[in-house]
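One structure is given here, and the rest of the page talks about it.
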Amino acid sequence: MDDEQLKQEAADEKLINDAFERLVNDYLNSRHRKKVDLITKAFNFARQAHKGVRRLSGEPYIMHPIAVAQIACSEIGLGSTSICAALLHDVVEDTDYTVEDIENMFGAKIAQIVDGLTKISGGIFGEQASAQAENFKKLLLTMSADIRVILIKIADRLHNMRTLESQPANKQYKIAGETLYLYAPLAHRLGLYKIKSELENLSFRFEHPEEYAFIERKLEETRVSRHQSFDQFIEPIKEALNKMGFEYEIHERVKTPYSIWNKMQNKGVTFDEIYDILAVRIIFTPKVREEEINECFNIYVALTKIYKSHPDRTRDWLSHPKANGYQALHVTLMSKQGHWIEVQIRSDRMHEIAEQGLAAHWKYKDGIEEEYTEDESELNEWLRTIKEILDDPQPDAMDFLDAIKLNLFATEIFVFTPKGEIKTMPSGCTVLDFAFSIHTFLGSHCIGAKVNHKLVPLSYKLKSGDQVEILTSKTHHVQPSWINFVSTAKAKAKIEAILRRTYREIQKKGEEKLNEWLEKNGFEPSPSVIDRLCKFHDVRRREALFQAIGENVVILGEKDIDELNGKNKKKTETSGGWRKYVPFIKASKPEEETEQQPELFVVPEKFNRKKPIYVNEDNIRQYLFPDCCHPIPGDDTLGYIDNNNRIELHKRTCPVANKLKASFGNRILDVKWDMHKLLFFDATIRLGGIDRRGLVNEVTRVISNQMSVDIRKLTFTTEDGIFDGIIDLRVHDRDDVSKIINNLKGIEDLKEISQIL
């Protein structure tokens, strides 16, 4: 072994030992029992198992399990069982050791968690959507057996996101998209706000590097003035808290780049137009622990004597905590500089749960099962809901994921039963959702409800504080139309399961009728015969044909006999297909417009998916542009290889692309634009402001004269002196759109300018 290798080994050894020493020190400083021997044993075992293996970044592989264990210990607050499982989480997956080996050496509990983590390894998703859904179900089922599985999985994902730099761009989009689609909402639902924010920010940084860098730069530029505003704002608050005799800390909380960008996208505003970048957090130690809620309100009263509060922006999560255990009182106050500033008031206990998540203090402390608290029963309720959804597996994987996400993202409202019991429901839920949340029988036979003693239909949307009495009839059954207005995952799953059972009965009846008809007319009821009838009646699946026959939508007759005997004239194929998806692209030279459309690019078998594809004027027509988002040059764009090996182009922010990243990560490609302002693309800008004579003329002059850009359509509506306008343009790229928006900002009385995505 040469000197260079020896030096490298010594450096690796020091790196590993330092990381493990930090982990042990953090564990010893925590409140858990001191099982350092067990953790050391797990570390040595994992170190030996991963010996000689390196990550893409070049560091020894064992650094990853140590980092995951460090996050589990320091950032989530878990104990030795979880730390050991985190250290061992890749051993079964990547080496010859089995779960039985882990159980023999470390006991059943650690082995069970490692087994759960192994089942859902390699990202949640496989090649096919069905495999992806199955793996996600495994994740949720294992999670409902032991919450630590998902907590360690989130820690694993956080470390992978922190080291995503070493992955190729297409892998970065896939992992970032999957993180935003599932892991961030899971972390949020479990109360891991700090981790949720970091996951969102890292995803944003890798998917939209330029926007991320821009917001970071703007935050740095405004840092000094923000500190000054913060200091001036809290000075009288500190005086009031000191007079009241509280021990407290006041923190400056700055909106994350991701949440700033999100607001810029959703509201169509610039960075400078966002006024709630700064928030203030007061964390106090209660004088009497049992009185901490009252003490929060006492502080609130003291603050409203100093600053005027916003009546519509007070959020009380003290009396009714969120389902993930979050408790705090949020109030928005008007500063002396004329800005609204949100203040969050919480005790030290509430702060710990908000930072590390209720799950970290839930049910398990180093293997000891503690008595359930009221908050923990809320988390159990959520896990139980997920189990109920899993009882009726969705046939379509994307539907399944969407159903789960409905519950992950939902914000809560509080609804009362006729007996005055409080039920937590997602906002936007209907009477029918409420009925299914209580019992499947109640939902499936629901005919309406009384809300606050008034009769309402099934589709009535509930509000916080409503008292609901469900009305049922045994003769009433589930209707297919119900699926259109229910919003909770549980109700959707139950309705679909009941409808599937009903459809299966109709399909069985239809299949029997078809077989009888075929035999009667001298045909063999073989798959090829049935497939020919499917094609003839323009249905894709045999089940759909059986159902149509069972419901008498399709009546078999002479034409079907002629089809099977080959007597019908062949149906002409309808043209169309992919061309309907191409965006407006107009060549600058007239003769180019009549050129024949080139063939679509088909991905060959040995295609290098790690390299970016470059889109230019010559090859742009070889790619598909689905009508969900219409990317134009300059947009952050990705490619997706569809089932026919064609490449679709999507904006990275597109909702469809978000699903594709989370479901078919191995088909995602990095896309770079190499355009030279020769082609035109559609773009739409929305304007709003105060109406006056000559305004439309100024707008069109700015666009046409200054930019040499075509206006395709202009729509202006005015009401009570306020106007709303939509302008359809033909532009070369995103840069044109930005310049137009900036130039329009110079027009007096234009108050809102944004691009419609």
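Of the residues in segment 727-746, at least one is surrounded by fewer than 18 Cβ atoms within 10 Å (Cβ to Cβ) and in contact with a Ser or Thr (Cβ under 6 Å, 6 or more places away or on another chain).
Using the structure shown, decide if R31 is surrounded by fewer than 15 Cβ atoms within 10 Å (Cβ to Cβ), touching a strand residue (DSSP E or B) at 6+ places or on another chain (Cβ under 8 Å) and either farther than 17 Å from L87 by Cβ or not acidic (D, E) (or both). For R31, the condition - surrounded by fewer than 15 Cβ atoms within 10 Å (Cβ to Cβ), touching a strand residue (DSSP E or B) at 6+ places or on another chain (Cβ under 8 Å) and either farther than 17 Å from L87 by Cβ or not acidic (D, E) (or both) - is not met. Evaluation of E93 against the conditions (1) touching a residue at least 24 places away in the same chain (Cβ under 8 Å); (2) surrounded by 22 or more Cβ atoms within 10 Å (Cβ to Cβ) shows that the sole unmet condition is (2).
Residue count for segment 233-292, restricted to those that are aromatic (F, W, Y), surrounded by 17 or more Cβ atoms within 10 Å (Cβ to Cβ) and out of contact with any helix residue (DSSP H, G or I) (no Cβ under 9 Å at 6 or more places or on another chain): 1. Screening segment 459-482 for residues that are farther than 30 Å from H320 by Cβ and of a type in the set (V, I, T) and picking the one that is surrounded by the most Cβ atoms within 10 Å (Cβ to Cβ) gives V478.
Taken as a whole, the structure leaves Y212 outside the set of residues that are hydroxyl-bearing (S, T, Y), open to solvent by 50 Å² or more (accessible area, probe 1.4 Å) and touching a helix residue (DSSP H, G or I) at 6+ places or on another chain (Cβ under 7 Å).
The single condition among (1) closer than 26 Å to D562 by Cα; (2) assigned to a helix (DSSP H, G or I); (3) out of contact with any Lys or Arg (no Cβ under 8 Å at 6 or more places or on another chain) that G522 does not meet is (2). Among residues of segment 713-728 that are on the phi > 0 side of the Ramachandran plot, those with a Cβ under 7 angstrom from a residue that is assigned to a strand (DSSP E or B) and open to solvent by 70 Å² or more (accessible area, probe 1.4 Å), sequence gap 6+ or separate chain, pair up as G721/I690. Against the test of being surrounded by fewer than 16 Cβ atoms within 10 Å (Cβ to Cβ), in contact with a strand residue (DSSP E or B) (Cβ under 6 Å, 6 or more places away or on another chain) and within 30 Å of R609 (Cβ to Cβ), the options D674, D710 yield a single qualifying residue, D674.
Within segment 105-118, at least one residue is at positive phi and of a type in the set (G, A, S). If you filter segment 483-500 down to residues that are basic (K, R) and buried (at least 17 other Cβ atoms within 10 Å of the Cβ), you find that the one that is modelled with the lowest pLDDT is K490. Number of residues in segment 38-82 that are of a type outside the set (S, T, N, Q), part of a loop (DSSP other than H, G, I, E, B) and over 20 Å from L192 (Cβ atoms) equals 10.
The values are calculated or read from the model by the stated rules, or taken from the named source; none is laboratory data. All of these numbers come straight from a predicted model, not from anything done at the bench. Quick reminder, even Gly has a Cβ in these numbers, built from the backbone with ideal geometry, and neighbours come from all protein chains shown. The protein model used for the area step is the full one, side chains on, heavy atoms only, and it has no ligands, DNA or RNA in it. Shrake-Rupley method; radii C 1.70, N 1.55, O 1.52, S 1.80 Å.
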